[in-house]
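What follows is one structure encoded as structure tokens, with my remarks underneath.
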């Protein structure tokens, strides 16, 4: 079910719940019984949780009680060695 907005000249805006795609351009006002025109606005779209939101929520949760980790941190992946002996003389990052 979707909510559709209508604007009555006498009573003002009101919403009607209808199955998706079945709302007409006009509807009867439930208060005064006059014909109301459909009002169009921006859709209410929500996005899935972004990485920034997850990071902000984690920071808020740990503001007063820091999160305690148990165990060792994962090791960084080692870089493959090249067979060229000249590469061994290069500085390591």
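Coordinate-derived values only; no laboratory data. Bear in mind that the values here come from a model prediction, so they are computed numbers and not experimental data. Cβ placement follows ideal geometry from the backbone for every residue including glycine, while neighbour counts extend to all protein chains displayed.
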Original post:
Quick one: which of 49-55, 10-16, 71-77 comes out on top by average Cβ neighbours within 10 Å, and what's the full order, highest first?
Top reply: 10-16, 49-55, 71-77
**OP:** With a 10 Å radius around each residue's Cβ, average the other Cβ atoms per peptide and rank 81-87, 1-7, highest first.
**Re:** 1-7, 81-87
**OP:** For every helix of n ≥ 4 consecutive DSSP H residues, a contribution of -39,500 (n - 2.57) applies; sum these over the chain, divide by its total residues, and give [θ] at 222 nm rounded to the nearest 500 deg cm²/dmol.
**Re:** -3500 deg cm²/dmol
**OP:** Taking only Cα atoms and a 10 Å spring cutoff, compute GNM fluctuations for the chain and point out the largest among 70, 78, 17.
**Re:** 78
**OP:** With a ≥ b ≥ c taken as the square roots of the eigenvalues of the C-alpha gyration tensor of the range 48-93, please select rounded if a/c is under 1.5 and otherwise prolate if a/b is larger than b/c or oblate if it is not?
**Re:** prolate
**OP:** Among (1) 30.1, 89; (2) 19.0, 68; (3) 13.2, 40, find the value of Rg and Dmax of the Cα atoms in Å that was calculated from the structure presented, and write down its label.
**Re:** (1)
Subject >> Crossing angle, helix 51-61 versus the chain [Cα axis fit, 0-90 degrees, rounded to tens] >> reply: 80 degrees
